[in-house]
Amino acid sequence: MPTTAIIVTLSTAILAAQTRIVPPPNKYSVAQDVELGREASAEARKELPLMKDDAVTSYVQQLGQRLVAAIPAELQHKEFHYTFEAVNVRDINAFALPGGPMFVNRGMIEAATTEGEVAGVMAHEISHVVLRHGTAQASKAGKYQAGAIAGAILGAIVGGQVGNIIAQGTQFGLGAAFLRFGREYEKQADLEGAQIMARAGYDPRDMANMFRTIEKTSGSSGPEWLSDHPNPGNRSEYIAEEARALRVENPATDSSRFLRVKDHLKSLPKAPSSEEVGRKRTASGDVGEDLPPPTGQVAPPSSRYTQYAPGNVFRVSVPSNWRQRQASTAVTYAPDGAFGASNGQTMFTHGIEFGVAKNSGRDLQSGTEALLDSLTRGNPRMHGDGRFRRATLGGQSALSTTLGNVSEVTNDDETVQVLTTQLEDGSLFYAIAVAPEREFDEYTGTFQRVVDSVRFMR
């Protein structure tokens, strides 16, 4: 054979080769993945409305095991235990936990037009597990005990109101800042998932089709699944390119099982949304049930300050008579009498809250505007003039704006100051300072000292 022909043949083989995916660096052991998944899945089974329907659960399990059998040898971990459970929620979502537990929303199956589309999302999630993305992402935050972050991992991956409930009391910032997968990990999971699909007998292009379905049915607020699994860009194109390099082995051509399950789901009562599940749990008293409403009667800020480092995300110094109260993606510092709950919602009349929020706009101003929109929708009597001032938060460029509000508990006029900046991963870091309007001038110096003390831990 001529030399030129050999070169051409080799070049074609290289171009047609599937992409080699290398797991990212990870400070955790495989055993810790298993422990985290075990603890987080136990929480999931307590908090989520799991389906007890044999037809649905057996279908999800059989499909999952077919995909697990297609995991390449170099990514198999004998310690992992893959389980597959269906959740009676209509949101198009699925998530997998470190070590193998996976939960598939009923809405994912209902929205799919082929079994390959369901398999595509499940293969994507399995790829996050085999590449150990959960603990690789947690490694960026530093070293934590397994029990301290299991709830945060689960809350982060589930997302939405249900995720926030699950993650209550976990270390601040882990969920929003570290455990929602970034674009690099998403592309890895797409490509590895495509390879697993082909070995399991499914066309990898069905994965891209399902992602398009999710985007089309998302509505104005954005799809919950894609908010936690951001589009790396050109997703359909690179999945299609990868598909061309793959051979579908033993194609799964029998669609009868998928169609039977789809018909069966139509016969069942309509599934609630995750938001409705969250509201139901809130109404039942599971959130804030031990907190009385704030009285608004507080002592003046102490001249002595205490330093905190919530979740090892940042350091801050606050008056020593202000208590720290942590939630999944926020932490509040307020004096006794200022913090409490009403109608299942926590609130404070004096103090400052720091938090991390998604920033789908990726720039500071649009992220800040989205945050303010969320605040005003949750507080109908809140208002502002829409003007921003340049400021500094944590030594970084920030935006500041001032809002007015009427307290739902005391009916006093309040002044609310909001400052925002961006973290390295693009998410929004915010500070919200609150005091009654008649007292705000007295608190201005305290709030400024607290804000000036913020330092991010990199």
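Readers should treat all values here as calculations from the given coordinates under stated rules, not as data from a laboratory. Please read all numbers here as calculations on a predicted model, not as lab measurements. Cβ sites come from the backbone with ideal geometry, for glycine too, and all protein chains shown count toward neighbours.
Data for the structure
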{"read-out": "Members of LYS187/LYS358; LYS46/LYS187; LYS52/LYS266; LYS27/LYS78 lying beyond 22 Å, as alpha-carbon distances in this model show", "value": "LYS46/LYS187"}
{"read-out": "Net charge, ARG260 excluded, C-beta distance under 13 Å - Lys, Arg +1, Asp, Glu -1", "value": "-2"}
{"read-out": "Cα centroid separation, segment 333-407 to segment 66-90 (Å)", "value": "40 Å"}
{"read-out": "Neighbour cut-off at most 13 other Cβ (10 Å), DSSP loop, GluC sites (Glu not before Pro), segment 37-79", "value": "GLU79"}
{"read-out": "Sites matching GluC sites (Glu not before Pro) across segment 352-432 that sit in DSSP coil, with at most 12 neighbouring C-beta atoms within 10 Å", "value": "GLU424"}
{"read-out": "Of the trypsin sites (Lys or Arg not before Pro) in segment 11-111, those whose Cβ has at most 10 other Cβ within 10 Å and which sit in DSSP loop", "value": "ARG20, LYS52, LYS78"}
{"read-out": "Peptides ranked, highest mean first, by Cβ atoms within 10 Å: ranges 430-436, 447-453, 94-100, 334-340", "value": "94-100, 430-436, 334-340, 447-453"}
{"read-out": "Cα-based reach from LYS262 at 15 Å (exclusive), listing aspartates and glutamates while leaving out same-chain residues under 8 positions away", "value": "ASP53, ASP54, GLU110, GLU115, GLU117, ASP254"}
